[in-house]
Each structure stands twice: as structure tokens, then as C-alpha cells.
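Readers should treat all values here as calculations from the given coordinates under stated rules, not as data from a laboratory. It should be emphasised that the depicted structure is a prediction, and the values quoted were computed from it without experimental measurement. Cβ: placed from backbone, ideal geometry, glycine included. Neighbour counts: every protein chain shown.
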Amino acid sequence: MTHEPSSFYDHLAGDYHLIFADWECAIAWQADVIDRLIRTELGDRSLSILDCACGIGTQAIGLAQRGHRVHATDISATSVDRARQEARRLGASLTFGVADLRTLATQVDDTFDVVLAFDNALPHLLTEDDVGRAVAGMTSRLRPGGLFLASIRDYDRILAERPTGDPPRAFDDETGRRIVFQLWDWAADGLNYDLHLFILSRVDDRWDTREYTARYRALRRDELTAVLGRRGLTDVRWLMPDESGYYQPVVGAHKP
């Protein structure tokens, strides 16, 4: 079994929107939250943004629709292709590329006011060295005074509780009924886990089941804070969901 994020997201790209009750509403909501965080830090103006874990465009499209100049990249070429198609369909103007978080310095030419990686992208990296390389890559694309933003699951709580997954959620829309849930298999080290994402769709009188598997590292907030500091970022601040309005803890930092 491969644990490469590119493989996971290449396979999931066509179904990614199905994990949301309404993906287009999620685009608008996430853009509102992230745009507010960015403008609070850097002022109420249009900014250049690199979304370097763009997936199918959930954050990038909405931020472009709010007037920012967005370049969106991802390690999954299939996801980038879909993001490009969705941006065109939704009338959003932004640019795209395929790039690995760990090698952004050589794969992305420009520098930006904001570099972000949301929705638990960094914990796909399973070693401290790879997390450090990703943070270094993101920092290399920041202008002086620029803002680093990322979100991860609340692994401090998760490591204390060691859950076996996320409970089922049922959705009904014009395509019918579907059920989405996750099962987590923890490794012996207690730090890594294999996530099994299941999407069940009602087709006529039967259920169609699709499974997508990825490996994650349970990255604690103090671990990521230390990596940010070692890579030269300052003013590191964590915002929990009740403060940021986002559904995961968000970390922000500045490049001197």
C-alpha cells in the first residue's frame, strides 16, 4: 500500500466534494473565515496568496472570488486539473501548478504576501524532517513581512483520546443519499494512523461503496511551533476554532 499523498488525492479528486454537505457553500464559508484572518493580520486589501495544498480548490477558489491574486498548487496533478475546471465553472480567476510542499522553492518562482496550507495537509508528512522541509518551502515563497497560515486537526486532544475514526454523516441532495465516515487504524508507535475514508452512495436499490486510504502523523501543536521557529518564522500564534471560526486549529506566523 502506498502512503504517498499524491496517490490518495489523485484517486479522491473526483469524489472530494462528496465529503461536504454542500461543497460550494463550504467554499464560500471557508473563504469568509480565511479572508478575515488574512485581512486582520495584513490589512484590508487585495493580496498575493499561494495556496500550496489546494486540492480541488476549496480555499483557493473562494479567496480568488474575494479579490485576492491566488496561485494554487498541489502534489496531486489530478486534483489540480479538477480545481482548474471548477474555477472556470465558478468564474474564479487564478493560476495553478503542480508542486510538492517540500520542494516549493524550486517548483514555484514567485513570492507571495500569504502562503497557506489548510485542511490538515502538513500531517501527511510522516517525519519531522519532511515537516521541516515543507515549512522551509512555504517560508521560501513568502515575502518579508508575509503571513504563513496552516490548519491541522486538534492532535493534542486526539492523542489523549485515541479515537477510532469520525462518525457517519448522512447527506441528501439532488443526486440522492450518501453516507461519509472514517475509520482510523493507529500504528504501534501511537503517532501515525491509517485513515480509511468511506463514501457510500445510494444507487437504485443498493449501496455503492468507495474507500480511500491515507497515512497521517498526529502532529502536536508544540511540535509544529518548534519547526516554525527553527525555520525563522516569528510571532507564532495558534487560534482554536472558537476564536478563529474555522473548524480546525489554525497557526499563523510571520516572515521577518
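Miscellaneous remarks
- Once the Cβ-Cβ distance of A105 and R153 is raised to the sixth power relative to R0 = 35 Å, the FRET efficiency obtained is 0.85.
- Segment 13-89: trypsin sites (Lys or Arg not before Pro) in DSSP loop, at most 10 other beta carbons within 10 Å: R45
- Antiparallel bridges, percent of DSSP beta bridges restricted to the chain (to nearest 5): 70 percent
- Segment T234..A21, full-extension length gain: 73.0 nm, with 0.36 nm per residue of separation and the alpha-carbon distance subtracted.
- Using θ = phi - 60° and Karplus 6.51 cos²θ - 1.76 cosθ + 1.60, couplings along segment 56-61 (whole Hz; Gly, Pro as x): 8, x, 4, 8, 4, 4
- Our summary gives the chain a relative contact order of 17 percent, counting only alpha carbon pairs under 8 angstrom and 6 or more residues apart.
- Per-selection Rg to Rh, the chain - Cα, Kirkwood hydrodynamic radius: 0.95
- Rg over Rh for segment 1-99 works out to 0.98, using Cα positions for both radii and the Kirkwood form for Rh.
- Given R0 = 41 Å, the distance between the Cβ atoms of T209 and A160 translates into a calculated FRET efficiency of 0.85.
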